[in-house]
Structure formats: C-alpha cells, structure tokens
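Student: Take a look at the following structure, please.
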Amino acid sequence: MRAIVGISSSSPIGYLSSGKDANTPMEPPANRLYLTTREVAARLRVSRRTVRWLIRTQQLSAQRIADEFLIEESDLATFIGANTVFPPQQWGGGMAGWT
C-alpha cells in the first residue's frame, strides 16, 4: 500500500506534503538514518538474536519503537569501528605463508 501525501484543507492538522502534486505517492527516503535488527544482522553477518543481545548488553545503541529496535547508521558505524581488530604489524599485513 502506498501512502498519498499532501495538504488537506478539511483537517486542521493536515498531512505532510512531499512538495509535489498532492496525489503523488510518497517515495521512500534515499538515505535512511535507522536500520532494523534484521538489517544490522545482515550487515554484521550474525543472527537477529545476537543483535538484540548487543543492544541488551548496551554494546550497541538502539531506540525501541513498538516491538522493534531501530539502530542509527552512525551508532552501527561507531560499534564496528570500536570492535574492528587489525592484525599485528609483525605479521607483515598480508597472507604470506598461507597456502
């Protein structure tokens, strides 16, 4: 189902306007700020249960909306940056000897 947006004169509050014709369906935003637990799990290549555990143990920040957790892109980037492990320099930085 696609939402129709525009200004309604019959309602004192009205509807959000997309800046186009009032009968134009609203398009999803190009750059999303929030991700669902399913999307985060796919990016991290872990289960949704693991993502919920990371949220519960306060390792990953999230907002709870109804029955779903929403994670900001910037919070996920911070989490990944803080938990990225680099090999020691003495290893030569490559996969030498791995055949």
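Student: Please list log₁₀ I(q)/I(0) at q = 0.16, 0.19, 0.22, 0.24 Å⁻¹ for the stretch 34-82, using the Debye equation with identical point scatterers on the alpha-carbon positions.
Tutor: Scattering profile of the stretch 34-82, log10 relative to I(0): -0.35, -0.50, -0.68, -0.83.
Student: Follow-up question, since we're still on this one. Sort T37, T84 so that the residue with the fewest other Cβ atoms within 10 Å of its own Cβ comes first and the one with the most comes last.
Tutor: Sorted ascending by nearby Cβ count, the order is T84, T37.
Student: Ok, one more. Sorting L76, L33 on the 10 Å Cβ count, fewest up front, what's the list?
Tutor: L33, L76
Student: What percent does the relative contact order of the stretch 34-82 come to when contacts are Cα pairs within less than 8 Å and at least six residues apart?
Tutor: Across the stretch 34-82, relative contact order equals 40 percent.
Computed from the coordinates by the stated procedures, all read-outs in this text should not be read as laboratory data. All of these numbers come straight from a predicted model, not from anything done at the bench. Every residue, glycine among them, receives a Cβ derived from its backbone with ideal geometry; neighbour counts consider all protein chains shown.
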